[in-house]
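As structure tokens, the structure follows; a few thoughts come after it.
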Amino acid sequence: MAEFEDKETIVGAMRLHYLDWGAKGKQPMLLLHGGSQSAHSWDELSRAMRDDYHVVALNQRGHGDSSWSKTGIYTVSAHMRDIGGFVNALDLRDMVLIGLSMGGRNAATYAALHPEKIARLVIVDIGPETMTKGSENIRRFTSRADILPSLEAFVERAHEFNPRRPLEQLRERLQWNLRQLPDGRWTWKYDRRFGNRERKHNPGTLWPYVPRIKAPTLLVRGTESDVLAHDAAVRFAEALPNGRLVEVEGAGHTVPGDNPPVFASVVREFLANA
């Protein structure tokens, strides 16, 4: 029996694909992945939470099996239209909203604009102040040749970029993030124009939304993150009206995949005690 169902819904001109991990009728948990990733970034957390929550992991525009923007638009406002339409289409209420990196930025913005929809918010390794080093490292990784002869070549490249991840995990994860070309070679699924648009985004534009976030909020930082510095994370958590900060050992920027058991544990503890 499949662990999840592949589903899709139409929001405006976008066909949005998502993973439904079951338990419909329980409190919804909506998961938003980071840039150049996919809904499968959350597989470990989804497995850990699916008995207690109706877990839904969305492939945001230009990622996974969702539509690409015909005009290459990947702005925050475009994501807000998508997420708002998606939440309404699935009638998600009183939800737990969790986002990593780009998804964390989108989650925080949506929570500020629609506080009535959110019961709890978890933001992972992103904030209004980010380090250039991490952004440049990600950019270098994603800007390298995007067609390789095999899936295994991508696995080796990903392991070089993030050696914290076991090869088996990377291999399983990348099969969802890649597609095979007619000539047998492999390439990314996500729209490469996304990266060019994201470079123009100023994280500081998140600050005006912070006071409008009403839900209890957990900010999770990887102790080895090169994107969100400790001091910046402290400032962000203190600025949140009802925020707290937890730092996870043995994790860099992609905390849910770098240290899945500890990440799931801190999320579960937060949801039980917030």
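What the table below lists for this structure:
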{"read-out": "Matching residues in the range 220-238 - criterion: being among the aliphatic types (A, V, I, L, M), over 18 Å from residue 35 (Cα atoms) and touching a residue at least 40 places away in the same chain (Cβ under 8 Å)", "value": "229, 232, 233"}
{"read-out": "Selection count, the range 82-105, where residues are among the charged types (D, E, K, R) and surrounded by 15 or more Cβ atoms within 10 Å (Cβ to Cβ)", "value": "2"}
{"read-out": "Test: residue in the range 82-95 that is under 17 Å from residue 213 (Cβ atoms), in a loop (DSSP other than H, G, I, E, B) and modelled with pLDDT of 95 or more", "value": "yes"}
{"read-out": "Single residue of the range 96-116 satisfying the filter (part of a strand (DSSP E or B) and hydrophobic (A, V, I, L, M, F, W, C)) that is farthest from residue 129 (Cα to Cα)", "value": "96"}
{"read-out": "Some residue of the range 174-182 being more than 24 Å from residue 272 (Cα to Cα), in a loop (DSSP other than H, G, I, E, B) and at pLDDT 90 or above", "value": "yes"}
{"read-out": "Candidates 232, 264, filtered to the one that is assigned to a helix (DSSP H, G or I), surrounded by 15 or more Cβ atoms within 10 Å (Cβ to Cβ) and more than 19 Å from the chain's Cα centre (by Cα)", "value": "232"}
{"read-out": "Where residue 121 falls short, out of the listed (1) farther than 17 Å from residue 221 by Cα; (2) in contact (Cβ under 8 Å) with a residue 12 or more places away in the chain", "value": "(1)"}
{"read-out": "Restricting the range 244-261 to residues that are closer than 14 Å to residue 31 by Cβ and in a helix (DSSP H, G or I), the residue that is farthest from the chain's Cα centre (by Cα)", "value": "260"}
{"read-out": "Residue ranges of strands (runs of 3 or more DSSP E) in the range 1-59 with at least 1 members in contact (Cβ under 8 Å) with a residue 60 or more places away in the chain, surrounded by 21 or more Cβ atoms within 10 Å (Cβ to Cβ) and out of contact with any His (no Cβ under 8 Å at 6 or more places or on another chain)", "value": "14-20, 28-32"}
{"read-out": "Test set (1) out of contact with any Lys or Arg (no Cβ under 8 Å at 6 or more places or on another chain); (2) surrounded by fewer than 22 Cβ atoms within 10 Å (Cβ to Cβ); (3) part of a helix (DSSP H, G or I) - residue 270 fails condition number", "value": "(1)"}
{"read-out": "Single unsatisfied condition, residue 129 versus (1) of a type in the set (D, E, K, R); (2) surrounded by 16 or more Cβ atoms within 10 Å (Cβ to Cβ); (3) assigned to a helix (DSSP H, G or I); (4) in contact with a Lys or Arg (Cβ under 9 Å, 6 or more places away or on another chain)", "value": "(3)"}
{"read-out": "Residue 206 being closer than 22 Å to residue 58 by Cα, among the hydrophobic types (A, V, I, L, M, F, W, C) and modelled with pLDDT of 90 or more", "value": "yes"}
{"read-out": "Pairs where the first residue, in the range 64-77, is under 19 Å from residue 41 (Cα atoms) and without any contact (Cβ under 8 Å) to a residue 12 or more places away in the chain and the second is assigned to a loop (DSSP other than H, G, I, E, B) and small (Gly, Ala, Ser), C-beta under 9 Å, 6+ apart", "value": "none"}
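The values are calculated or read from the model by the stated rules, or taken from the named source; none is laboratory data. The model shown is predicted, which means the values in this text are computed figures rather than measured ones. Virtual Cβ from ideal backbone geometry, glycine too; neighbours counted across all protein chains shown.
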